[in-house]
Every structure is written in structure tokens, then in C-alpha cells.
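A short reminder: the numbers here are calculations on the coordinates, not readings from a lab. Model, not experiment: these values are computed from the prediction. Here the Cβ is made from the backbone with ideal geometry for all residues, glycine too, and neighbour counts use every protein chain on show.
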Amino acid sequence: YVTLDPRCIRALLQSWDIPQPAIDPCCRAGSTGLDPIIAGDMHDIFAPGTQSAVTNPPYARPAVDDITKELIRAVATRRLEVAAILVRIGWDCAKSRGEYWKAANPQLSVVDLGSPPPGATRGHPCRG
């Protein structure tokens with residue numbers, strides 16, 4: 001089921017070049033709510049032609065960490081060009097997740113789509 005405000009995916013796509021086709025490996029069927037991102041599963045990151053992954057993973061451990069590690073590995077080994085993992089603010093601050101930032105390539109970054117850009121007071125795509 002759709003769990004993201006469509007304004008957030010629009011902000012992501014306006015801010016980052018997400019090569020297509022892109023899959024949501026945590027949305028096996030139906031609409032992802034992340035148009036133009038298509039539904040898939042983790043096996044689809046190996047499918048010929050898949051360029052990117054964009055996902056709002058389940059927050060339960062260990063699923064969220066297993067998915068994140070696999071997507072980081074897929075980008076590091078060039079199976080994917082881009083992986084966007086949409087998680088709660090502060091998710092990346094957990095001590096147990098420090099390894100993600102050490103092992104990843106220089107393209108790994110954290111983008112907070114929930115906070116307005118510096119200087120903005122309202123009208124941010126994810127805050128209305």
C-alpha cells in the first residue's frame with residue numbers, strides 16, 4: 001500500500017537524477033505510489049535493465065537493515081546506479097548503522113526530504 005506523500009517523491013525526482021527504469025523492491029505488486037517507480041522485489045535489482053531502486057522499506061529490524069545493506073552493495077558493485085532509501089529522520093544516526101557510511105562509495109548521501117531547505121519557512125514539497 002502507498003505510504004508516502006506524493007509530494008515527497010516529486011521532491012526526490014526534482015532534486016536527484018534517478019535513472020529509469022527504477023524499482024521499489026519493497027512493493028511486490030500494484031501501485032508503488034512513487035510514480036514512475038515500478039513495483040518489484042529484491043530479486044529485481046539483478047534484472048537486466050534495472051538502473052535504480054527507490055524504496056520506503058519496512059522499519060522493522062532486521063528487514064530495514066538487510067534491505068539497506070543489499071542496496072548499498074548493489075550500488076557499490078555497480079549493479080544499480082542509484083538507490084534511494086526513504087526512511088525516518090534520524091534513522092541514519094543509530095550507532096549500529098555507522099558501518100553503512102564507512103563501506104559505501106562516495107555517492108552515498110543522506111537527504112532529508114522532510115525538512116525545509118535552509119532559508120525556507122513554508123511551502124516545502126514534503127511539509128506543505
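In the neighborhood of VAL75, defined by Cβ-to-Cβ distances under 13 Å, what is the net charge if each Lys or Arg adds +1 and each Asp or Glu adds -1? Numbers along the way, then the final one.
On the way: positive: LYS69, ARG73, ARG78, ARG79; negative: GLU70, GLU81.
That works out to +2.
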Item to complete: Based on alpha-carbon positions alone, could you give the equivalent ellipsoid semi-axes of segment 16-77 from the gyration tensor, as √(5λ), descending, whole Å?
Response: 17, 15, 10
Discussion item. On a full-extension model of 0.36 nm per residue, what is the gain between ARG97 and SER15, subtracting their alpha-carbon distance, rounded to one decimal in nm?
Written reply: 27.0 nm
Discussion item. Using the Karplus curve 6.51 cos²θ - 1.76 cosθ + 1.60 with θ = phi - 60°, what ³J(HN,Hα) values do you get for each residue of segment 69-83, in whole Hz, with x for Gly and Pro?
Written reply: 4, 5, 5, 4, 4, 5, 6, 4, 9, 6, 6, 10, 7, 9, 10
Fill in: Net charge, GLY30 excluded, C-beta distance under 15 Å - Lys, Arg +1, Asp, Glu -1
-3
Practice prompt. Compute the distance in nm between two label points, each set 7 Å from the Cα along the Cα-to-Cβ direction, one at ARG88 and one at ALA47.
Written response: 3.1
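Based on the Kirkwood radius over alpha-carbon pairs, what value in µm²/s does the Stokes-Einstein equation return for the translational diffusion coefficient of segment 42-92 at 4 °C and 1.567 mPa s?
The Stokes-Einstein estimate is 115 µm²/s.
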